[in-house]
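Engineer: Structure below; questions to follow.
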Amino acid sequence: MKNITTHYIDGAFVESHGREVVESINPNNKAVIGRTLLGDEEDARHAIAAAKRAFLTFARSTKEERSKILRRLHEVVAARTDDLTRVMVEEYGGTTQFSALIVKMAADAFLHAEKALQEIPLEKAWGKTSVTFVPVGVAGLITAWNSNALFICLKTASALAAGCTVVVKPSEMSALQTQVLLECFHEATLPKGVLNVVIGLGQTVGAELVRNPDVAKISFTGSVGVGQQIMRDGAATMKRVTLELGGKSPNVLLDDVDLSKAIPTALAIGFLNSGQACAAGTRLLVPASRLDEVKRAITAAMPSIQVGDPADPKNAVGPMVSAKQFERVQSYIRKGIEEGAELLAGGEGHPKGLERGHFVRPTVFLNVKNDMTIAREEIFGPVLSVIAYQDEEDAIKIANETNYGLHAFVSGADVKRARRVASRIQAGRVAINGMFDDPQAPWGGFKLSGVGREFGTYGIEAFLEPKAILEG
């Protein structure tokens, strides 16, 4: 049992002013594995004040000074990857394979930011005019629970590379994971006040970051509703915002695709992170002329999607993060059945033998119409909707008929054609013939998927403001 009573403020572990307690529950077996004292508005203000003091000096730091800090942060986080992976499996229920990948990406985020920083020109000049790109100020970083270490490290790396000081508000559901990261950050011995972390609720700590005039920038990953509230409330102090708010990603299989390869890949993409991933390709668009083949291929491939203890490397799907999330996914499965979709695999309830945890049966619906609830709303669980299309134009139309626009996938034998289709899909990223990552490519979306971009130079620029000086 881990008891956490401190936040990380001004280079030290500080006792929480807030007294509300939250329990960490292992979603694999519902055991209580930790208790955390949540921060309140006073803790948030303390952290903001520390970041404001540190900004006076840190804003004037050089690229090389920031690069050294980023390299040091990579070093200390990389040294604890096993611990971070273990606690992500235990507290969140992420599968071993996925958790290890996320933790490696988290550690590497500092090196990727350091590389991107070297590529950004922070000064431009012409005639008697000069333009410098200066850090925007104190940044409030509010992160979600489904990839805790990556979100914290990615946002922190970009903000520090820009010269901003930060106050991070992680999800209260990720307290144990965050504690390991804080031990890493403390070991890095950064200048006091540059990096502060307060674990608390959105309506207290998060709200204080959004309304406090000493916070210039909010970078948020989470739900659409909270993102909209941040935009509204942050407008009072003209907050700069980056919002990554989720998706309902289409995965378009063109009519020349090799189903023996595309279907197993599509299932892996659809059930990514047990379905608790904003990038998951949860709408599988297939040619109507090959629907029977698709049905047979999915039926044949589903047994390879093993569900169970996330600590077992052979399992591809773990539990939902909480009882609330389990019930949410169950309600969508019921909704799909009620609205007339054909249940091809899975369904309501727990997988056999996994009743103790928050496990969901990986579910595939066939003959889904794009106006059904399961095709419109982000479920955040292992539920895949198969939607038939008539031709290429129809596929593009269906792919774009969504309120989201974060990620998309296109698969086909003719790569030139696949690229043409990808260029017409309204999404911040489109992957062809698989799922790939480029840490220097922008990440973010259109429509309700958010505002702004992260990763690479795009992520750093989000924390910079241009300042012009003109001579007469």
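Engineer: Could you give the longest part of the chain that holds none of the trypsin sites (Lys or Arg not before Pro) found in DSSP loops with at most 11 neighbouring Cβ atoms within 10 Å?
Structural biologist: Numbers: sites that count: 19, 60, 128, 314, 352.
After excluding every exposed loop site, the longest remaining stretch is 129-313.
Engineer: Still on this structure, I have one more. Which of the three applies to segment 4-141, rounded, prolate or oblate, going by the alpha-carbon gyration tensor with a ≥ b ≥ c and a/c under 1.5 meaning rounded? Mind dumping the intermediate values first?
Structural biologist: On the way: a/c = 3.03, a/b = 1.55, b/c = 1.96.
It comes out oblate by the Cα gyration axes.
Engineer: Between residue 131 and residue 393, take the C-beta separation as r, use R0 = 56 Å, and let me know the FRET efficiency to the nearest 0.05. If you can, show how the numbers build up before the last one.
Structural biologist: Values: r = 44 Å, r/R0 = 0.79.
Using R0 = 56 Å, I get an efficiency of 0.80.
Engineer: As I understand it, the dipole of the chain uses +1 on the Cβ of Lys and Arg and -1 on the Cβ of Asp and Glu, about the Cα centre. Which of 266, 8, 177 lies farthest toward its positive end?
Structural biologist: The one lying farthest along the dipole's positive direction is 8.
Engineer: Total Lys pairs in segment 250-432 closer than 19 Å by alpha-carbon, pairs eight or more apart in sequence or interchain only?
Structural biologist: Details: 261/295; 261/416; 295/369; 314/352; 324/335; 335/369; 369/397.
Counting lysine pairs in segment 250-432 gives 7.
Engineer: First obtain the Kirkwood hydrodynamic radius of the chain from its Cα pairs, then insert it into the Stokes-Einstein equation at 25 °C and 0.890 mPa s, and state the resulting D in µm² per second as a whole number.
Structural biologist: Details: Rh = 22.9 Å.
The diffusion coefficient I find is 107 µm²/s.
Engineer: Let me ask another. Quick check on segment 8-66: take the gyration tensor over C-alpha atoms, sort the square-rooted eigenvalues as a ≥ b ≥ c, and tell me if it's rounded (a/c under 1.5), prolate or oblate. Mind dumping the intermediate values first?
Structural biologist: Numbers: a/c = 4.35, a/b = 2.01, b/c = 2.16.
Oblate shape, in that a/c is at least 1.5 and b/c is the bigger or equal ratio.
Engineer: Please arrange 278, 184, 153 by counting, for each residue, the other beta carbons lying within 10 Å of its beta carbon, fewest first. Working shown, then result.
Structural biologist: Details: 278 25, 184 22, 153 29.
Lowest to highest Cβ neighbour count: 184, 278, 153.
Engineer: Filter the chymotrypsin sites (Phe, Trp or Tyr not before Pro) in segment 374-472 down to the DSSP loop ones having no more than 10 other Cβ atoms within 10 Å, then list what survives.
Structural biologist: Details: sites: 380, 389, 404, 409, 436, 443, 446, 455, 458, 463; in loops: 380, 404, 436, 446, 455, 463.
Those that pass, being in a loop and sparsely packed, are 436.
Engineer: Another question about this same structure. If you line up the long axis of helix 291-301 against the longest principal axis of the chain, both from Cα atoms, how many degrees apart are they, to the nearest 10?
Structural biologist: Once rounded, one gets 70 degrees.
Engineer: Could you put 69, 398 in order, starting from the residue whose Cβ has the fewest other Cβ atoms within 10 Å?
Structural biologist: On the way: 69 23, 398 20.
Ranked by crowding around the Cβ, least crowded first: 398, 69.
Engineer: Over the residues of segment 219-333, compute the C-alpha Rg and express it relative to 2.2 N^0.38 Å. Could the numbers behind the result be given before it?
Structural biologist: On the way: Rg = 18.1 Å, N = 115, 2.2 N^0.38 = 13.4 Å.
Working it through for segment 219-333, the quotient is 1.36.
Engineer: Computed over the Cα atoms of segment 2-245, what is the convex hull's projected area averaged over all directions, in nm²? Write down the numbers at each step before the final one.
Structural biologist: On the way: hull surface 52.5 nm².
Its average projected convex-hull area is 13.1 nm².
Engineer: For residue 124, list the lysines whose Cα falls under 16 Å from its own Cα; do not include residues on the same chain fewer than 8 positions away.
Structural biologist: Straight-line reach from residue 124, under 16 Å: 63, 467.
Engineer: If you average the alpha carbon positions of segment 401-447 and of segment 119-194, how far apart do those two centres end up, in angstrom?
Structural biologist: Rounded to whole Å, the Cα centres lie 27 Å apart.
Where a number appears in this text, it was derived from the coordinates with a stated rule and is not lab data. All of these numbers come straight from a predicted model, not from anything done at the bench. Note that each Cβ is placed from the backbone with ideal geometry, even for glycine, and that neighbours are counted across all protein chains shown.
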